[in-house]
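Reviewing the structure listed below.
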Amino acid sequence: MLLSNHNSLSSLHVTMAGVKALPLKGTIGIPTIGLGTWQSPPGQVRTAVESAIRDAGYRHIDGAWMYGNEKEVGEAIRASGVPREEIFITGKLPSSRHSKAAEALNESLADLGTSYLDLYLIHWPVSLNPYGNDPKVPTRPDGTRDIFEGWTIEQTWKEMVDILATGKVKAIGVSNFSIHFLKKLEKLGGIQPQVNQIEIHPYLPQHDVVEYCQSKGIIVEAYSPLGSTASPILEEPEIVEIAKKHGASSAGVLLSWLLSKDIVVLPKSVTPARIASNITAAKVPLTAEEIKQIDTFSERNNKLKRFGTPPWGVPLGFKDWGFLPDEE
Ligand code: A2P
């Protein structure tokens, strides 16, 4: 029997600051706007997280052990004065610790200074050698990533399911998973990922993965929704034009486009004014035509770009990045 933990995407409820939350089994619900903390350096992330929660009304912080800033994120959450239970916190299991997931989680909990996470994700579907030459990204003598041969993603998922049973995380999911890897977990039966966090923006709309996930009740989260650092997408004439029509910002248009599809957005910023503006700007009433226009932007303009491409050295299974045929 498939133990369904699928989410109903139809029923929405509202949380603080007027941000909608999607029901996510076992949790308080996942606010559809969260603050991304990838590339938010220690020294800056504290102000960012504290002001996001206290001043801008964010109730969702997306982090990861790999970002190297969880201690500061935890301090900022406490300093915000908002009770822990009202904040949705996501962490991620690093590739180098797939076989030691419980230990990795405990470290994140200690760094964040909390007894539980709302959501824990497998950061990438590739396992790296836990006994290698670096705790984060071990490499081989030739400089390539030191893949943990013999350890499977199915084994990693089992570690995640065991963690869920401890109650230290309220929900589990994955990140950077193509359909190929999602199907591997599906074949296991049992508890399935509730969330898949992937890069999505108009240069990389990932319609196939989004459709697949949503057909299975897996909530999709978009990282780099604005097109990452110094984003060229914010200056795209088509986007600027739509923004002008609504008296909105390009960032508002990009976030609203994703929200219109029930995709959770995780805009990253360390700038308090932008942090505040992103949550208020994400309410542009885009028309069906405008949504379609942005949906087809990449294809029409022949602009396909993925901003985050760590050199894994193995196929990831995305259409644009190491496509893998299904193993039937
Ligand atoms: P900063 O952190 O210096 O404020 P993404 O979420 O797609 O990864 O984008 C993050 C990048 O976009 C960061 O460089 C961030 O800069 C910048 N950014 C965040 N919000 C806005 C905004 N409203 N307008 C312009 N740039 C933004």
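The values are calculated or read from the model by the stated rules, or taken from the named source; none is laboratory data. Quick caveat: nothing in here was measured; it's all calculated off a predicted structure. Quick reminder, even Gly has a Cβ in these numbers, built from the backbone with ideal geometry, and neighbours come from all protein chains shown.
Couple of notes before you dig in:
- Listed by first and then second residue, the pairs with beta-carbon distance under 8 Å, at least 6 apart or on different chains, first residue in segment 295-310 and farther than 30 Å from ASP146 by Cα, second among the aliphatic types (A, V, I, L, M) and in a loop (DSSP other than H, G, I, E, B), are SER298/LEU304.
- When the residues of segment 35-67 are filtered to those that are at pLDDT 95 or above and among the small types (Gly, Ala, Ser), the one that is surrounded by the fewest Cβ atoms within 10 Å (Cβ to Cβ) is GLY57.
- Output for segment 22-39, where each listed residue is more than 16 Å from the ligand (Cβ to nearest atom), in a loop (DSSP other than H, G, I, E, B) and out of contact with any Lys or Arg (no Cβ under 6 Å at 6 or more places or on another chain): PRO23, LEU24, LYS25, ILE28, GLY29
- Among residues of segment 133-156, those that are under 24 Å from LEU185 (Cβ atoms) and loosely packed, with under 13 Cβ neighbours inside 10 Å, counted: 4
- Checked against the criterion of being in contact with a Ser or Thr (Cβ under 6 Å, 6 or more places away or on another chain) and either more than 24 Å from ALA171 (Cβ to Cβ) or at pLDDT below 95 (or both), the candidates ALA230, ALA251, ALA243 yield just one match: ALA243.
- On the stretch given as segment 40-60, residues that are among the β-branched types (Val, Ile, Thr) and part of a loop (DSSP other than H, G, I, E, B) total 0.
- Residues located in segment 144-179, provided they are over 17 Å from TRP124 (Cβ atoms), of a type outside the set (Gly, Ala, Ser) and more than 22 Å from the chain's Cα centre (by Cα): THR166
- Residues in segment 45-59 that are touching a residue at least 60 places away in the same chain (Cβ under 8 Å) and touching an Asp or Glu at 6+ places or on another chain (Cβ under 9 Å): 1 in all.
- Test: residue in segment 128-135 that is under 12 Å from LEU93 (Cβ atoms), at pLDDT 95 or above and among the hydrophobic types (A, V, I, L, M, F, W, C): yes
- Selection from segment 148-199 of residues that are farther than 23 Å from GLY113 by Cβ and among the β-branched types (Val, Ile, Thr): THR152, ILE153, THR156, VAL161, VAL174, ILE179, ILE191, VAL195, ILE198
- Failed item in (1) within 16 Å of the ligand (Cβ to nearest atom); (2) farther than 19 Å from LEU304 by Cα; (3) surrounded by fewer than 21 Cβ atoms within 10 Å (Cβ to Cβ); (4) touching a residue at least 24 places away in the same chain (Cβ under 8 Å), with THR229 passing the rest: (2)
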